[in-house]
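Shown next, in structure tokens, is the structure this report addresses.
The values are calculated or read from the model by the stated rules, or taken from the named source; none is laboratory data. All values reported here derive from a predicted model rather than from experimental measurement. Because the Cβ atoms are built from the backbone with ideal geometry, glycine has one as well, and the counts that use them run over all protein chains shown.
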Amino acid sequence: MNWSSLYAMQEQLDAYIESHHNLSDKDLFREKYLALLVELGELANETRCFKFWSTKPRNNQSVILEEYVDGIHFMMSLGLEKGYRYDSDVVNPGETDETGQFNRVYDACVTFYRAPSEPHYEQMFESYLQLGILLGFDEKAVKSAYLKKNEINYERQNQGY
């Protein structure tokens, strides 16, 4: 997928939020990292893939997709914070089960946080895309959901979220 238009939108949203909250001169890397981990946990919770003790079914795909694109927002925001952009069109295969891939994503996030290099960023982003594929999301669905959520994020900011 061509991520450049989404990165441009994310950059505008980040600038909008930072200017409206007087954060333009603040390093928000730690906050964005924690927000990504929270979103990743919310996503895992909606899939229920790790809840071996429960028979309650996973949430519907639209809810899971919305949680997934929340993570995309923070993935891109973290990249922009460090001057990195994911631009590969090829996503290598990841784990074969959701729980394993969630753990891989968490590991990649921690690695990037501890050593925020461009290769670590690309590894983190790719592991997240691998998770999206495993969850059944294609490029079109991700892009459409991102655009929709981006509008919602602006509305929330304008309403004092």
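Identify all residues within region 69-90 that are farther than 16 Å from SER4 by Cβ, within 8 Å of the chain's Cα centre (by Cα) and among the β-branched types (Val, Ile, Thr); write none if there are none. Of everything in region 69-90, just one residue is farther than 16 Å from SER4 by Cβ, within 8 Å of the chain's Cα centre (by Cα) and among the β-branched types (Val, Ile, Thr), namely VAL69.
Entry remark, region 51-78: residues being free of Cβ contacts under 8 Å to residues at least 60 places away in the same chain, surrounded by 13 or more Cβ atoms within 10 Å (Cβ to Cβ) and over 21 Å from THR111 (Cβ atoms) number 5 in total.
Quick check: is even one residue across region 148-157 under 16 Å from the mean Cα position of the chain (by Cα), surrounded by 17 or more Cβ atoms within 10 Å (Cβ to Cβ) and farther than 21 Å from TYR33 by Cα? No; the residues of region 148-157 include none that is under 16 Å from the mean Cα position of the chain (by Cα), surrounded by 17 or more Cβ atoms within 10 Å (Cβ to Cβ) and farther than 21 Å from TYR33 by Cα. Look at VAL105 and say whether it is in a helix (DSSP H, G or I), in contact with a helix residue (DSSP H, G or I) (Cβ under 7 Å, 6 or more places away or on another chain) and of a type outside the set (Gly, Ala, Ser). In short, yes. Contact map, region 18-33: first residue surrounded by 10 or more Cβ atoms within 10 Å (Cβ to Cβ), second residue part of a loop (DSSP other than H, G, I, E, B), Cβ cut-off under 7 Å, separation 6 or more or different chains; pairs are GLU18/SER24. The residue pairs whose first member lies in region 116-143 and is farther than 14 Å from PHE102 by Cα, whose second member is assigned to a loop (DSSP other than H, G, I, E, B) and modelled with pLDDT under 95, and whose beta carbons are closer than 8 Å, counting only pairs six or more residues apart or on different chains, are GLU122/SER88; GLU139/MET1; VAL142/MET1; LYS143/MET1. Within region 68-91, can one find any residue that is within 24 Å of GLU31 (Cβ to Cβ) and basic (Lys, Arg)? Yes - at least one qualifying residue is present in region 68-91.
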